[in-house]
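All of the numbers you see were taken from the coordinates with simple rules; none came from a lab. Model, not experiment: these values are computed from the prediction. Note that we place each Cβ from the backbone using ideal geometry, even for glycine, and neighbour counts take in every protein chain shown.
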Amino acid sequence: MTYTGDVTRGGEPAVRELAGLTVRKVSVGPMDNNAYLLTCRSDGSQVLIDAANDAETLLRLIGPAGLAAVVTTHQHRDHTGALRQVVEATGAESIAGADDAAGIPVVTRTVGDGDTIAVGDCTLEVIHVVGHTPGSIVLHYREPGGIDHLWTGDSLFPGGVGNTRGDKKNFASLIGDVETKLFGRLGDDTWFYPGHGKDSTLGAERPHLAEWRERGW
């Protein structure tokens, strides 16, 4: 089945096979948060991105293979609702951006710009983007022989950057980091997986960057 990234709460995971990783995407919670389970295809190691809600659903997704770590993209409560339950049930490490850690229920390791997180023999690079929250992180996977993949939390969506609640300083920081650290470094075929809703590519969104900056959100 062709991966589209379309998921509904209570529905089946959307599954995408990459070189090195299997990606499983589900929608959880009343705010339809996306959670992503990454599985190393060589040794079965697993990392969950955003234990947002519905611990039962996430634990069923994780299954008997266990979980090495949960990575939280940012401190907002709709992205951490099941974190403590998942960590307690699996013994997983809990990883978050250093500048958001104080606002997250349980954190055992903090990361910053340029740090790496292992998923078995695969590597995620941490990209720190400031604006939606002070410690928001994006995770970057460079697929061997393939394309780049980004898990963007609430920092980048199809149609714009994340909500900065009318704060002009935060918006300027976020749009600047997204333009420089994501669009400025990576190609149009880069696929990104946001914290809510549909996926997109940098190529589909790039023509609208000036429009986003002009409108201020």
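Some points to look at:
- Filtered residues of the range 110-161 (kept if among the small types (Gly, Ala, Ser), in contact with a helix residue (DSSP H, G or I) (Cβ under 8 Å, 6 or more places away or on another chain), surrounded by 17 or more Cβ atoms within 10 Å (Cβ to Cβ) and not in a strand (DSSP E or B)): 131, 135, 136, 155
- Out of 32, 6, 78, sole residue that is out of contact with any Lys or Arg (no Cβ under 9 Å at 6 or more places or on another chain), charged (D, E, K, R) and closer than 23 Å to residue 156 by Cα: 78
- Single residue of the range 14-39 satisfying the filter (surrounded by 18 or more Cβ atoms within 10 Å (Cβ to Cβ) and of a type in the set (S, T, N, Q)) that is nearest to the chain's Cα centre (by Cα): 34
- Residue within the range 146-155 that is over 27 Å from residue 19 (Cβ atoms) and not basic (Lys, Arg) present: yes
- So residue 114, is it under 29 Å from residue 217 (Cβ atoms), touching a residue at least 60 places away in the same chain (Cβ under 8 Å) and touching a strand residue (DSSP E or B) at 6+ places or on another chain (Cβ under 8 Å): no
Every residue, every condition in (1) of a type in the set (Phe, Trp, Tyr); (2) in contact (Cβ under 8 Å) with a residue 24 or more places away in the chain, yes or no:
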| position | (1), (2) |
| --- | --- |
| 145 | no, yes |
| 155 | no, yes |
| 159 | no, yes |
| 164 | no, yes |
| 167 | no, no |
| 174 | no, yes |
| 179 | no, yes |
| 189 | no, yes |
| 212 | yes, yes |
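- Residues in the range 56-78 that are more than 25 Å from residue 122 (Cβ to Cβ) and without any contact (Cβ under 8 Å) to a residue 40 or more places away in the chain were compared, and the one that is surrounded by the fewest Cβ atoms within 10 Å (Cβ to Cβ) is 56.
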